[in-house]
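Student: Here it is, the structure in full.
The values are calculated or read from the model by the stated rules, or taken from the named source; none is laboratory data. Small disclaimer: the values here were computed from a predicted structure and weren't measured. Every residue, glycine as well, gets a Cβ built from its backbone with ideal geometry; the counts of neighbours run over all protein chains shown. Just the protein is used for accessible areas: all its heavy atoms, side chains included, with ligands, DNA and RNA removed. Shrake-Rupley method; radii C 1.70, N 1.55, O 1.52, S 1.80 Å.
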Amino acid sequence: MTQKRLRAAVIGCGFFAQNHLHAWQMIEGVDLVAVCDRDEARARAAAENFSVPGCYTDAAAMFAAETLDFVDIATTMPTHRPLVELAARHRVPIVVQKPFAPTWEDCVSMVGTCKSAGIPLMVHENFRFQAPLMAVRKVLEQGTIGTPHFGRLSFRTGYDVFANQPYLAKEEHLIILDLGIHVLDMARVYFGEVETVYCQTQKIRPGLVAEDMATMLLRHRSGAACIVDVSYSSKLDPDPFPETLLEIEGPRGSIRMRPGLRMVVTSDGKTTATDAGTPLLPWTSQPWHTAQESVLNTQQHWVDCLRAGVPPQTTGEDNLRTYALVTAAYRSNAERRAVAPDM
Ligand SMILES: NC(=O)c1ccc[n+]([C@@H]2O[C@H](COP(=O)([O-])OP(=O)(O)OC[C@H]3O[C@@H](n4cnc5c(N)ncnc54)[C@H](O)[C@@H]3O)[C@@H](O)[C@H]2O)c1
């Protein structure tokens, strides 16, 4: 796969997949040869808007007809497992949106299926590829503040996420599985694996089935303590959506991500502030642009790894460790105690 052009297909052409489709068009050496959505109008619109020759409403028919180098599954989570199993039967490498699946058992099963089929599987965990969050990682990896011992990673908004994603209002598990999963993943990136999770959830907005606020306290194996707090029901002015704000402290200093993505780094008594935001791409728009650009970075990472024959950062196996934190958080909330993630 080193240099040949890659034939790709996208399954699921809904709200978020528009970013995937734009990003595939920008990635050198990738030809989007097919799109599939069980909603015919959505499949047709994607095929027309992105000049894709193959257009399907049935994924099985698509795999039977097309020769693919990889498939990008951008449906919502209940369909991830059957679609991953279908792709695996055709030995087609897979990138699949988060959340990986509705249950831990589904996630483990998909990892096993792809391992047995000998195909790469990456979860589209795009927060790892957001420019401001990558900038923080770089500062940490350079040792600028020393080994971090405290953090607070915070994503609080009142932005109406339900307008674009109405299915969220009916989820039995809402903000930890939908959004907290990203921030918990970043806690792993910054502080390493987690020993225990203590979590308290709240349901604030009327009409939801599940929680829309969660406050989690993680104890990492390194000894670091990290607070992860997420909210879809905060009345803030200005509202920082969709920015992840943070404070990280280490023996030599601190890193803070302020609203507007201003990164303030203090090291050995000296403070510098930089703009960690990114400019607009031709297809991105405020306030989503940093998240949208991360889709491009995520997909580029997948292609680079596929070509190099190396595992991507967010393999299915790696994502199990993040998913285990989600499961532990819900159990902690239910049992009112700190819980060790099952791994
Ligand atoms: N990473 C992020 O920042 C981010 C942001 C938003 C959404 N997402 C994720 O993206 C995924 C999709 O979310 P969305 O809001 O775009 O959902 P959506 O409902 O708008 O789109 C999903 C599409 O998949 C299609 N579909 C479902 N099952 C199918 C099947 N078996 N075969 C073919 N098509 C099928 C549906 O018809 C629909 O058009 C979710 O997992 C969501 O969590 C991620």
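Student: In the set 329, 334, 273, which member is part of a helix (DSSP H, G or I), among the aliphatic types (A, V, I, L, M) and out of contact with any helix residue (DSSP H, G or I) (no Cβ under 7 Å at 6 or more places or on another chain)? Steps first, please.
Tutor: Values: 329 fails: out of contact with any helix residue (DSSP H, G or I) (no Cβ under 7 Å at 6 or more places or on another chain); 273 fails: part of a helix (DSSP H, G or I).
Being part of a helix (DSSP H, G or I), among the aliphatic types (A, V, I, L, M) and out of contact with any helix residue (DSSP H, G or I) (no Cβ under 7 Å at 6 or more places or on another chain) holds for just one of 329, 334, 273, which is 334.
Student: Please state which one of 132, 166, 99 is surrounded by fewer than 17 Cβ atoms within 10 Å (Cβ to Cβ), closer than 20 Å to residue 19 by Cα and within 16 Å of the ligand (Cβ to nearest atom).
Tutor: 166
Student: Starting from region 23-41, keep only residues that are open to solvent by 10 Å² or more (accessible area, probe 1.4 Å), then list their pairs with residues that are assigned to a strand (DSSP E or B) and near the ligand (Cβ under 9 Å from one of its atoms) whose Cβ atoms are within a distance under 9 Å, requiring at least 6 positions of separation or different chains.
Tutor: If the second residue must be assigned to a strand (DSSP E or B) and near the ligand (Cβ under 9 Å from one of its atoms), the pairs left are 37/11; 37/56.
Student: From the residues in region 4-22 that are within 16 Å of the ligand (Cβ to nearest atom) and free of Cβ contacts under 8 Å to residues at least 40 places away in the same chain, which one is least open to solvent (accessible area, probe 1.4 Å)?
Tutor: 21
Student: Go through (1) open to solvent by 40 Å² or more (accessible area, probe 1.4 Å); (2) of a type in the set (A, V, I, L, M); (3) within 16 Å of the ligand (Cβ to nearest atom) one by one and return the number of the condition residue 308 breaks.
Tutor: (3)
Student: Any chance region 276-288 includes a residue that's buried (at least 21 other Cβ atoms within 10 Å of the Cβ), within 16 Å of the ligand (Cβ to nearest atom) and under 14 Å from residue 126 (Cα atoms)?
Tutor: No.
Student: If you check 217, 236, which single one turns out to be open to solvent by 10 Å² or more (accessible area, probe 1.4 Å) and more than 27 Å from residue 318 (Cβ to Cβ)? Step through it out loud before you land on a result.
Tutor: Numbers: 217 fails: more than 27 Å from residue 318 (Cβ to Cβ).
Unique residue meeting the criteria: 236.
Student: For region 77-99, what are the residues that are outside any helix (DSSP H, G or I) and under 13 Å from residue 10 (Cα atoms)?
Tutor: Correct list: 92, 93, 94, 95, 96, 97.
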